[in-house]
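Participant: Following this message is one structure expressed as structure tokens.
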Amino acid sequence: MPGIEPGTLSSVDRHATERAKIASCEISDLYKLTYCITRVVDFPESEKQKKVVVQLGLDEELDRKKQTHGGLSLLLNQVAELGAERLAALHTGVFHDLHPGDRLPCGPALLERLHAD
């Protein structure tokens, strides 16, 4: 065949070989494989997240990591809100006399303002 090295299979031949391997499997082997996959993969959640998601309860360490990862978004939002609140309090307390266009103090001048309040 032109374009195919001697001793290699064409894609058609490879597909035929793969189909033959699958066809030679015992039905019980395919059921076992299906059972194993469905025990591992959470298909509804995988579809929602558009990625493969492992079932809960399969591995304790993995479950803990998933729980930690799932809570990170909430934690980061809470940290950002707290930071924004503190920044607003700092601004109103330390920089209350500044007006739009004024330069913010930095270096020693900033330290003096922070320690004064």
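Participant: Go through the residues of the stretch 42-61 one by one and say whether even a single one is hydrophobic (A, V, I, L, M, F, W, C), part of a helix (DSSP H, G or I) and modelled with pLDDT of 70 or more.
Facilitator: Checked against the condition, which is being hydrophobic (A, V, I, L, M, F, W, C), part of a helix (DSSP H, G or I) and modelled with pLDDT of 70 or more, the stretch 42-61 yields at least one hit.
Participant: Between a first residue in the stretch 77-94 that is modelled with pLDDT under 80 and a second residue that is in a helix (DSSP H, G or I) and not aromatic (Phe, Trp, Tyr), which pairs have beta carbons less than 9 Å apart while being 6 or more apart in sequence or on different chains?
Facilitator: Taking only residues 6 or more apart or on different chains, the pairs are 90/114; 94/110; 94/113; 94/114; 94/116.
Participant: Considering 10, 28, which residue is surrounded by 11 or more Cβ atoms within 10 Å (Cβ to Cβ), modelled with pLDDT of 75 or more and either small (Gly, Ala, Ser) or on the phi > 0 side of the Ramachandran plot (or both)? Don't jump to the end; show me each part of the working.
Facilitator: Working: 28 fails: surrounded by 11 or more Cβ atoms within 10 Å (Cβ to Cβ).
Just one listed residue meets the conditions, 10.
Participant: Still on this structure, please answer the following. Quickly run through the stretch 36-50 and pick out the residues that are loosely packed, with under 10 Cβ neighbours inside 10 Å and either within 26 Å of residue 22 (Cα to Cα) or among the charged types (D, E, K, R) (or both).
Facilitator: Of everything in the stretch 36-50, just one residue is loosely packed, with under 10 Cβ neighbours inside 10 Å and either within 26 Å of residue 22 (Cα to Cα) or among the charged types (D, E, K, R) (or both), namely 50.
The values are calculated or read from the model by the stated rules, or taken from the named source; none is laboratory data. Since this is a predicted model, take the numbers as computed values, not measurements. Neighbour counts run over all protein chains shown; Cβ positions are idealised from the backbone, glycine included.
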